[in-house]
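What follows is one structure encoded as structure tokens, with my remarks underneath.
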Amino acid sequence: MYDNFNRNINYLRISITDRCNLRCTYCMPEEGIKLLRHEDILSYDEIKEFTEVAVSKGVKKVRITGGEPLVRKGVVTLVGMISEITGISDLSITTNGILLKQFAHELKAAGLKRVNISLDTIDPERFKVVTRNGNITDVLEGIKAAKDAGLLPVKINCVIKKSKEEPEAIAVTRFCKENDLEIRYIRQMDLVKGHFSTVDGGIGGNCSLCNRLRLTANGKLKPCLFNNIGFDVRELGYERAIELAVGQKPECGSVNNTGAFYNIGG
Ligand code: SAM
């Protein structure tokens, strides 16, 4: 699928929940969040059917995200359902890694190819502060489990304030070198203020290369993270929602003051 700016749209990110077992300070408020109602969240059958249509129109790469995708019940089943779709060459998950020790081998067996794991610091105390009480040991064990399961390459998403030369980022870089992990530095963004920049080590944030569509847990198909537009796949039908999202994908991001990373998927 080509959009109006000749970009080949072949990458679908699916947020399967807005719930998370961490509360990273830059991502999710500690409390007062209005979470989605169960009936508003797409079922696994709906997600699979939508993905089949998207793949028939040219999507080749699928990433499952959230919220925290591993907190949604039956996530391994969903991975199995999506991996059965012919035409997907890359199926991955973005996770905070807390539950990965429990799920890595099952996810691999279900057809998952690889994982991106978020890790902004390797200092246990700082990790507690950044994630509002997360236990870094769970993540480190999750990383090891992902490697053991063969979910390769394991990539680390490291959110930085301004530069990868910040002390915490340097320590994460060293950890990645020592443990055969690929690292991507994501500068902390602000959707409401329209502050975004390119991801060091990936193509995210570069509008001219953007090949993505994002499906939110409640079925809004968003052609751009940094824009308010979204098309309701239940109301419009899957095919029409895809046509509209691709047809109206903005040339460049601006601001998004109706969504947040935890309910769109980052
Ligand atoms: N819970 C999963 C995780 O932690 O990876 C998946 C969802 S999370 C929203 C996806 C990615 O978005 C993570 O790598 C996270 O660091 C990133 N993210 C969240 N808020 C961000 C922000 N304000 N600026 C830049 N990246 C952000």
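The values are calculated or read from the model by the stated rules, or taken from the named source; none is laboratory data. Every value quoted in this text rests on a predicted model; they were computed, and no experiment measured them. Glycine gets a Cβ as well: all are built from the backbone with ideal geometry, and neighbour counts include every protein chain shown. Surface accessibility is based on the protein's heavy atoms, side chains included, excluding ligands, DNA and RNA. Shrake-Rupley method; radii C 1.70, N 1.55, O 1.52, S 1.80 Å.
The numbered conditions (1) in a helix (DSSP H, G or I); (2) away from the ligand (no atom under 16 Å from the Cβ) are all true for Ile229 except (1). Would you confirm, using the coordinates I've provided, whether Glu235 is open to solvent by 30 Å² or more (accessible area, probe 1.4 Å), in contact with a Lys or Arg (Cβ under 9 Å, 6 or more places away or on another chain) and more than 13 Å from the ligand (Cβ to nearest atom)? So Glu235 does not fit the description; no.
Mind listing whichever residues of the stretch 16-66 are within 13 Å of Leu215 (Cβ to Cβ), open to solvent by less than 20 Å² (accessible area, probe 1.4 Å), assigned to a loop (DSSP other than H, G, I, E, B) and within 16 Å of the ligand (Cβ to nearest atom)? If the condition is that a residue be within 13 Å of Leu215 (Cβ to Cβ), open to solvent by less than 20 Å² (accessible area, probe 1.4 Å), assigned to a loop (DSSP other than H, G, I, E, B) and within 16 Å of the ligand (Cβ to nearest atom), then Ile16, Thr17, Asp18, Gly66 are the ones that fit.
Scanning the stretch 39-69 for residues that are over 13 Å from Tyr11 (Cβ atoms) and in contact (Cβ under 8 Å) with a residue 40 or more places away in the chain yields Asp40, Ile41, Leu42, Glu46, Ile47, Glu49, Phe50, Val53, Gly66, Gly67, Glu68, Pro69. Within the stretch 14-38, the set of residues being small (Gly, Ala, Ser) and within 16 Å of the chain's Cα centre (by Cα) comprises Ser15 only. The set of residues from the stretch 238-266 being among the hydrophobic types (A, V, I, L, M, F, W, C) and away from the ligand (no atom under 11 Å from the Cβ) comprises Ala241, Ile242, Leu244, Ala245, Val246, Cys252, Val255. Of the residues making up the stretch 31-54, those that are closer than 11 Å to Met81 by Cα and touching a helix residue (DSSP H, G or I) at 6+ places or on another chain (Cβ under 7 Å) are Tyr44, Ile47, Lys48, Glu49, Thr51. Going through (1) at pLDDT 95 or above; (2) outside any strand (DSSP E or B) one by one, Arg13 falls short only on (2). Filter the stretch 113-132 for residues that are in contact (Cβ under 8 Å) with a residue 40 or more places away in the chain and within 16 Å of the chain's Cα centre (by Cα); which is nearest to Phe261 (Cα to Cα)? Applying the filter and picking the extreme gives Ser118. Would you call Asp148 surrounded by fewer than 22 Cβ atoms within 10 Å (Cβ to Cβ), acidic (Asp, Glu), in contact with a Phe, Trp or Tyr (Cβ under 9 Å, 6 or more places away or on another chain) and under 26 Å from Leu22 (Cβ atoms)? When the stated conditions are applied, Asp148 does not pass them.
For the stretch 176-219, residues that are small (Gly, Ala, Ser) and away from the ligand (no atom under 14 Å from the Cβ) total 2. How many of the residues in the stretch 151-167 are open to solvent by less than 20 Å² (accessible area, probe 1.4 Å) and free of Cβ contacts under 8 Å to residues at least 60 places away in the same chain? Of the residues in the stretch 151-167, 5 are open to solvent by less than 20 Å² (accessible area, probe 1.4 Å) and free of Cβ contacts under 8 Å to residues at least 60 places away in the same chain.
Residue-by-condition table, conditions (1) within 24 Å of Leu35 (Cβ to Cβ); (2) of a type in the set (A, V, I, L, M); (3) modelled with pLDDT of 95 or more; (4) touching a Pro at 6+ places or on another chain (Cβ under 9 Å):
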position	(1), (2), (3), (4)
Gly58	no, no, yes, no
Val75	yes, yes, yes, yes
Ile85	no, yes, yes, no
Leu99	yes, yes, yes, no
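Filtered by the rule that a residue be among the hydroxyl-bearing types (Ser, Thr, Tyr), within 16 Å of the ligand (Cβ to nearest atom) and not in a strand (DSSP E or B), the stretch 101-147 gives Thr121, Thr131.
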